[in-house]
Amino acid sequence: MALLVRDIMMKYGREHLGFVWLILEPMLLTIGVLILWSVLKGGYEHGLRIVELVLTGYMLLTLWRHVTTSPVLLLRRSTAIFYHQKVSHFDVFFSRIVLEFGGTTAALVIVTLTLFLMGIIDPTIDWALFIGGWLAMAGLASGAGAIILAATELNETMERFIQPIQYLLVPISGVFFLVEWLPSDAQRLVLLNPLVHCYEMFRAGFFNNNIETHFSVPYVLAWIFILNFLGMMFIEKVRNNFQPI
């Protein structure tokens, strides 16, 4: 808990709304994208409401981006904390992951509830798939974030590649499309990307069987295990090599 409070103060400060931005930041970005897409694309896309399509895509994208980019050079920025012998590199990493996951999840709840109360979206939700898709994305992002942390700590140049890779992933991750809309050959290709399965699962829960979705829970779980296993191994390597100044 102490590390969470510290992270909030370091990232958002003690003034000007402070930790409230933890929730407001992803919430405002999502609302902005919802409005922009509604104006540009009209009310529907392939029979789905644009608002619902963007909501189910962009909130997961926000979760992925926040959890994977926040660990960049995290250890170098937290050097002072390691003088407390009880605080490990893993503590610092998991504290930041919990912070980003909690803020983005709170934003999801507030935006979804607000749109529902306004009558803009329907309450057709299969909670098991809805929550499962969200947690699956968090699991993938946590593993990827651990690998990114280790990569940037071992070589600062790696930081320059993070954002380009993030942008390249967007068109093939399922943010703004459903697998069912693609030709069969393209479907097989995009389903190699584990992120696509998270979007499909999340939307299957949100639309509650009103759409055709394609996802494999074992496939996603395998990727979550592999990424997190590798990530923890790499952080251990960084811990052995990292010398606080």
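Output yes when any residue across the range 91-113 is surrounded by fewer than 14 Cβ atoms within 10 Å (Cβ to Cβ), touching a Pro at 6+ places or on another chain (Cβ under 7 Å), part of a helix (DSSP H, G or I) and not basic (K, R), and no when none is.
No.
Of V217, V238, which residue is at negative phi and modelled with pLDDT under 95?
Checking each option against the conditions leaves just V238.
Among the numbered criteria (1) surrounded by 17 or more Cβ atoms within 10 Å (Cβ to Cβ); (2) assigned to a helix (DSSP H, G or I); (3) without any contact (Cβ under 8 Å) to a residue 60 or more places away in the chain, which one does P218 miss?
(1)
Go through (1) modelled with pLDDT of 95 or more; (2) not in a helix (DSSP H, G or I) one by one and return the number of the condition M201 breaks.
Status for M201: all satisfied but (2).
Which residue pairs have Cβ atoms under 7 Å apart, sit 6 or more places apart or on different chains, and have a first residue in the range 36-63 that is assigned to a helix (DSSP H, G or I) and a second that is acidic (D, E) and at pLDDT below 80?
Every condition considered, the pairs that remain are L53/E45.
Looking at the range 163-178 only, could you name the residues that are touching a residue at least 12 places away in the same chain (Cβ under 8 Å) and of a type in the set (A, V, I, L, M, F, W, C)?
If the condition is that a residue be touching a residue at least 12 places away in the same chain (Cβ under 8 Å) and of a type in the set (A, V, I, L, M, F, W, C), then L169, V170, I172, V175, F176, L178 are the ones that fit.
Looking at the range 183-203 only, could you name the residues that are among the acidic types (D, E) and surrounded by fewer than 24 Cβ atoms within 10 Å (Cβ to Cβ)?
D185, the sole residue that qualifies.
Residue-by-condition table, conditions (1) exposed (fewer than 14 other Cβ atoms within 10 Å of the Cβ); (2) in contact with a Ser or Thr (Cβ under 6 Å, 6 or more places away or on another chain); (3) aliphatic (A, V, I, L, M); (4) in a helix (DSSP H, G or I):
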{"residue": "W134", "(1), (2), (3), (4)": "no, no, no, yes"}
{"residue": "T157", "(1), (2), (3), (4)": "yes, no, no, yes"}
{"residue": "R160", "(1), (2), (3), (4)": "yes, no, no, yes"}
{"residue": "L169", "(1), (2), (3), (4)": "no, no, yes, yes"}
{"residue": "F177", "(1), (2), (3), (4)": "no, no, no, no"}
{"residue": "E180", "(1), (2), (3), (4)": "yes, no, no, yes"}
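The values are calculated or read from the model by the stated rules, or taken from the named source; none is laboratory data. Because the structure is predicted, anything quoted here is derived from the model rather than measured. Because the Cβ atoms are built from the backbone with ideal geometry, glycine has one as well, and the counts that use them run over all protein chains shown.
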